[in-house]
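Novice: Below you'll find the structure I mean.
Values in this text are rule-based calculations from the coordinates and carry no lab data. Computed from a predicted structure; not experimentally measured. Here Cβ is always computed from backbone atoms with ideal geometry, including for glycine, and neighbour counts include all displayed protein chains.
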Amino acid sequence: MKYLCISLLAAFLVVTSAPTLADEVADQRARLANQRIQIEEQRRAREEAERLSQEAAEAAERAAEAERVAAAERAAADERASQATMPATADMASDVSAERMEMSRALEQLRELGALRDAGYVTAEEFDELKKKILDAAL
């Protein structure tokens, strides 16, 4: 009997310590639930990364467009500035050209006046007076 009690006790311990089918099913369900939660977290993380990546690309595109617009505005301003200085440069060139022509005429008149003086057609006083008038008009 003593052995029988020990055998029954051992059998009871084996039966109570062994997992039951219900325990195994519950464990399986818990593992599946955990897997679903992990998969859902990974999906959400991927979607968030894609959203952030898309926002960064859009921001970069907006910045590039803003830079293109600013460059175009700078180019237009440079063009306007160069066009504004071009007439002034052209006016200066025409002024210089006109001054050179006036000086050339004045020099030609002085040469002719000197030739008239040398030939005796104009006196020295008349020469000095006419020379002064020519130079005052030229300058």
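Novice: Could you compute Rg(Cα) / (2.2 N^0.38 Å) for the range 36-138, with N its residue count?
Specialist: My calculation over the Cα atoms of the range 36-138 gives 3.00.
Novice: If each residue of separation counts as 0.36 nm, what is the full-extension length gain between GLU102 and ASP136 once their alpha-carbon separation is subtracted?
Specialist: Result for the pair: 11.1 nm of gain on full extension.
Novice: Sorted by average packing, counted as other Cβ atoms within 10 angstrom per residue and highest first, what order do 31-42, 123-134 take?
Specialist: Order by mean packing, descending: 123-134, 31-42.
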